[in-house]
Protein chains: 4
Amino acid sequence: MRVLSGHPDFEVVAVGGRSAKGMKVRDLYPASSSAIGELAFLDTVELMEVIKSESVPLVFLALPHGESQRLVPELLEITSHIIDLAADFRIKDPAQYEYWYGHRHSCPKLLDQAVYGLPELDRSLLKGARLVAVPGCYPTASTLAMAPLIKSGYTKGKVVVDAASGVSGAGRSLRLESLAMSVMEEYRAYSLRTHRHTVEIENNLGVKAVFTPHLVPMKRGILATCYLEPSGSSLKEFSGMSQDDIDGRLLELYESFYDLEPFVKLSSTPPGTASVYGSNNVSISVTYDKRTETFIALGAIDNLTKGAAGQGVQCANLVVGFAEDSGLTQVGVWP
Amino acid sequence: MRVLSGHPDFEVVAVGGRSAKGMKVRDLYPASSSAIGELAFLDTVELMEVIKSESVPLVFLALPHGESQRLVPELLEITSHIIDLAADFRIKDPAQYEYWYGHRHSCPKLLDQAVYGLPELDRSLLKGARLVAVPGCYPTASTLAMAPLIKSGYTKGKVVVDAASGVSGAGRSLRLESLAMSVMEEYRAYSLRTHRHTVEIENNLGVKAVFTPHLVPMKRGILATCYLEPSGSSLKEFSGMSQDDIDGRLLELYESFYDLEPFVKLSSTPPGTASVYGSNNVSISVTYDKRTETFIALGAIDNLTKGAAGQGVQCANLVVGFAEDSGLTQVGVWP
Amino acid sequence: MRVLSGHPDFEVVAVGGRSAKGMKVRDLYPASSSAIGELAFLDTVELMEVIKSESVPLVFLALPHGESQRLVPELLEITSHIIDLAADFRIKDPAQYEYWYGHRHSCPKLLDQAVYGLPELDRSLLKGARLVAVPGCYPTASTLAMAPLIKSGYTKGKVVVDAASGVSGAGRSLRLESLAMSVMEEYRAYSLRTHRHTVEIENNLGVKAVFTPHLVPMKRGILATCYLEPSGSSLKEFSGMSQDDIDGRLLELYESFYDLEPFVKLSSTPPGTASVYGSNNVSISVTYDKRTETFIALGAIDNLTKGAAGQGVQCANLVVGFAEDSGLTQVGVWP
Amino acid sequence: MRVLSGHPDFEVVAVGGRSAKGMKVRDLYPASSSAIGELAFLDTVELMEVIKSESVPLVFLALPHGESQRLVPELLEITSHIIDLAADFRIKDPAQYEYWYGHRHSCPKLLDQAVYGLPELDRSLLKGARLVAVPGCYPTASTLAMAPLIKSGYTKGKVVVDAASGVSGAGRSLRLESLAMSVMEEYRAYSLRTHRHTVEIENNLGVKAVFTPHLVPMKRGILATCYLEPSGSSLKEFSGMSQDDIDGRLLELYESFYDLEPFVKLSSTPPGTASVYGSNNVSISVTYDKRTETFIALGAIDNLTKGAAGQGVQCANLVVGFAEDSGLTQVGVWP
């Protein structure tokens, strides 16, 4: 709603939220703009009614994982486009979904129709798409950091993704480990070996991934630090080159790969999360350590913008044919 | 530059910055938009040259206190409007300036011409103004919190302003007490009895003020908690009323005082700094403690937006006749 | 348990905790020392059994407010000394208790027997006391900051206490406003006019108090900034004195009032919370603003140590006759 | 000085500090205990004089890297033991020192005499040692996390160490990137490929290391997340085992390796920095990801205690024959 409140082309018609039913948006989100802030949260039945009666052409879903697959089939009958921020339609293979999410998918035949909404990798399928699965936050940061290397054949074997997120990634659920008392002055890893975003990274890039997320005492932001092994051909290519020359060549590779991308910011120094705070940008850098023969690729995003809502709006823009950056031109709130 | 990068009406022609001369804006501010980010910092001589040769109609000054008074006389000859974010032209009385700032003002005759840029108190003088003194961050938050009470005769005597600011208020100067190591897990008062913003609060409201600023371990945001004594007439008015009725009447007073103000957000619960993060809004609430016969008025702003750059742009909009909220519609980045 | 783990004289025999029953202490408190960490949490019945069978001479209670008054009568029959960290026995007058806590006290006749455990004000009653009510965190910081001024007749009328606390003050209860997402980059006031610690401050000092607590994005620490009006005699005393001379006299007053106190640290500069982090110290400074005729007294504590557990152990030491600072010599963990 | 202020066996005789010459310790470190706080900083000449005249048997050095090698030769003539917290004597090979530190070592022949002070790996050489090089903070956390795996032959090839530190790791030097404004809401990597601690990790474990440090917006704490490849023999050993059985075996390996170590805390869940805050403990866990055939070993320390001063005192205790944990029994200040 924050992103949409500054969007010149979309109009927010209705807002759903079961637990907040009847409250005004601004009661929950004190920062809301006047127009959206005055809307009252509807329950699902009321919301479906509005979508039908007002022929709402596009719906954003931001439900807990597992719930959108129950709503989407019915919703597709009354609206033209669904932008789903949950994980429900991110994976094509039902068996793979079941392995990582621990339950059988309830409408597996929609999995093939859904478009994975990472425009920088493939925006061609988004135009007119009926169901878009917006990627997870960690997969967005790490995939975009590594894609040019892997897709250009520079690497081989598995990758290590060591990533860290601010606390808003855990949402508003009441858990002891999300209390400020538990988070501040604490840096810790979680979900070792088993985080569900692992499979998205692997599918996006066609590699095995060791993925370790960490929690950082800050509100927003994800940085993924990715380690990759060089392929034989890149070892040969780099053999007579200096460290600086290799890094220069890698920067060129990334510049060419992400040419004209509106949200990708490349730099020769390691990116941080502060510079993308509140924006839809992804800040990327890459280096190759000649001494240890290892690539290190880094990607920083705002986990709630490029890592969620902002990317959802970016997809929606492409789906309906608006400018890709419509409503998304805000620069990072820095410092 | 962050605020201007989203401004539809102003175009940034040149950027000055002595210590950064030659660097591009985006080297210092990684979050900058493409257009502004590509500009290179000029030194003062170069900047004056551009202003003259391109007939730049409006200049924002954000110099250390004491320096803009040396530049403004010359600058007024080559540009039409100056929006000065320093304290140099905020005080009308040269003697008062000298008392609080510790040195004689170098162009006292300009003090009378300068307009104090707090539009919510008086926007009538801003239209076409040649020299605008943008208020300090603490005075903005506290003045707007207390103005309806004081200007309506509800109070008497001095006020106590207990306020707290995030670390960006101290700017980028290298001081031991601004290090993260010194700031985190630390809450402390500073500049007791002597903070220079005291005089602005006093002048704005015509009262004596006890002002104690504190430093909070966060990046942005100011909250002013203000304590005021009731006048005899308000004691009489409130004598038969319940606590809730009094608070209801005060809310009405504030709603009437700030009717149609685009940036003032009133609420019946105490405001916090997070909801205005990155926005130009000021969030205000007020209560009267019947038991102790004390008003408590609170105002929250983003110290770098409504407390500095945002308010500067708001003034500039009024000066040249743009919509007052042009470039300032961003809602708070929350959570 | 952290404080007791370094205590040379007390031995922890058993630990109660209903919701954690069966868990080991170190499962909940990963920082625990080996000995205490190996204890398993007992439920109330089991705990009472151990106290009786092992003739445990002293019990610390840290129950939610309202619960210790139900347990204490029975507990007093099987143990010699109770150190209660709840608010249940801090107020002598049952009517006053009911006004602030919203329910009738269940054993009002014990109120008179209970000793309010603020040793710096009166440690004479603590020796051998059977029931000690450990003060609240805010009253500890603010009372100790203001006591020398008020008890020496320097002030008149009500006081304003503007205080701020780190997040651990809210404990481990799962509330939306205690989430890191809600707390970081947020500074806000809460419980205006109605915070229950108000009455403790008023009773300690015999004055009316306007008390406004704030929440700061840090883990530990409270700073109370207190504003007081001068009495006629102090106005007369200060009339011919310079600002510095007055502050010098006030420092002498405080040094004399707190002579030989092991935990009071006086300074001529405003104290912060970082310097007392993890220690039982209270850091105090005072000034008088001649221009506005206002005293400003500041007190900083670690809200979980001098503001709770540390003060409880200090009281326990005095109750049983150990050295007052036994187990409490840890200096602040700084920076 | 914080650690020593609670030490029952060492007495602090004198304190040196050129830039603070003449100031009392408590002016710089407001948390200091009374005794140490009253000492005044001496310059180097004065300090050497005291050491000589009072026959001080042990000296802690905490100088900028490169400076202790200039002082140590002379100091060894007037004191028995030096505990050096700088990097000057951590590396045995002068060429290796020059490669990583960028200048020739000024007394290379002392390199062989110096003992690397990581007691958990080898405490035998510390007893009576004349010159101890206290390890760096990152090497301490990562070496202790990986040592059991590597020294038991479970791994092969290079290791990836992805680590993050709180801001106190950067010390008190005034740098733009150490300002709170630059650090809060920022998570970023730095010194990619080139951090000087890399060589310590490599020397400690006899492996090549890819080491990427990150800066976390917190005051204290380091967590090292380490990735290692399995050797052929461990692949064979694990082939028929379940994930849980493998992790159980690894925990046994670590328990056996660190049996009776006073400061090593093993756990089956990933450690965080908060639980070791202010303590000399290192919290370690390990897992093996069967799916990707990768070990993940994690180590958390307080970078200023086990990562610096605490480890220095631990070494000093061993050097002179005190109990190894003398003065170091403080548990973590948690939460």
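Observations, loosely collected:
- Using R0 = 41 Å, the C-beta based FRET efficiency linking B:Glu237 and C:Ser191 works out to 0.95.
- Amide H to amide H distances under 5 Å link A:Ile82 with A:Val59, A:Leu131, A:Val132, where only residues 5 or more positions off or on other chains count and H is placed in the peptide plane.
- Distance between segment A:27-67 and segment A:221-244 - C-alpha centres, whole angstrom: 46 Å
- Two tests apply to each whole DSSP H helix in chain C, Cα reach of 30 Å or more along its axis and mean Kyte-Doolittle hydropathy of at least 1.6, and none passes both.
- Between B:Ala95 and D:Lys24, the FRET efficiency from the beta-carbon distance, with R0 = 51 Å, is close to 0.80.
- Separation of the A:Leu121 and A:Glu252 label points, Cα + 7 Å toward Cβ, nm: 2.7 nm
- Backbone HN-Hα couplings from phi across segment A:264-275 [Karplus 6.51/-1.76/1.60, Hz, Gly and Pro as x]: 8, 10, 9, 8, 8, 10, x, x, x, 7, 5, 6
- Beyond 37 Å, the tail of the calculated P(r) for chain D holds 17 percent of the Cα pairs.
- Spatial offset of segment C:245-280 relative to segment D:68-102 amounts to 42 Å, using the alpha carbon center of each.
- Ranking of C:Val13, A:Val115 by count of other Cβ atoms within 10 Å, fewest first: C:Val13, A:Val115
- Model label points for D:Cys107 and A:Thr329, set 7 angstrom from Cα along the Cα-to-Cβ axis, are 6.5 nm apart.
- Sequence of A:Phe263, D:Phe238, C:Phe211 once ranked by neighbouring C-beta atoms within 10 Å, starting from the fewest: D:Phe238, A:Phe263, C:Phe211
- Sorted largest first, extent of segment A:137-303 alpha carbons per principal axis (Å): 54, 31, 27
- Over the protein assembly as shown: helical MRE at 222 nm, DSSP H runs n ≥ 4 each giving -39500 (n - 2.57), nearest 500: -8500 deg cm²/dmol
- FRET E, pair A:His65, A:Lys290, Förster distance 56 Å, beta-carbon r, rounded to 0.05: 0.85
- Taking amide H as placed 1.01 Å from N in the peptide plane, D:Thr294 has its amide H under 5 Å from the amide H of D:Asp289, each at least 5 places away in sequence or on another chain.
- Peptide D:190-199, shielding by other chains (average Cβ, 10 Å cutoff): 3
- Of the two radii for the protein assembly as shown, the radius of gyration is 0.96 times the Kirkwood radius, both from the alpha carbons; that is the Rg over Rh value.
- Entries of A:Lys24/A:Lys306; B:Lys156/C:Lys208; D:Lys92/D:Lys208; B:Lys127/B:Lys306; B:Lys24/B:Lys265; B:Lys265/C:Lys290 with Cα pairs more than 28 Å apart: B:Lys24/B:Lys265; B:Lys265/C:Lys290
- Over segment A:137-303, relative contact order from alpha-carbon pairs under 8 Å, at least 6 apart, %: 30 percent
- Top positive-direction residue, dipole computed over chain A with Cβ charges, set A:Leu61, A:Leu260, A:Leu250: A:Leu61
- For segment D:300-305, backbone phi angles converted through the Karplus equation (6.51, -1.76, 1.60; θ = phi - 60°) give residue-by-residue couplings of 10, 9, 7, 4, 8, 10 Hz, Gly and Pro being listed as x.
- Ranked list, fewest to most other Cβ atoms within 10 Å of each Cβ, for C:Thr143, C:Thr194, B:Thr79: C:Thr194, B:Thr79, C:Thr143
- Local electrostatic count, A:Asp245, Cβ distance below 12 Å [Lys/Arg +1, Asp/Glu -1]: -2
- Value of relative contact order over chain A, rounded to a whole percent, pairs C-alpha under 8 Å and six or more apart: 17 percent
- Under 5 Å, built H, 5+ apart or other chain: amide partners of C:Tyr277: C:Val333
- Antiparallel DSSP beta bridges within segment C:137-303, as percent of all bridges there, nearest 5: 70 percent
Readers should treat all values here as calculations from the given coordinates under stated rules, not as data from a laboratory. Values in this document were obtained by computation on a predicted structure and should not be read as measured data. So basically every Cβ, Gly included, is an ideal-geometry build from the backbone, and we count neighbours across all protein chains shown.
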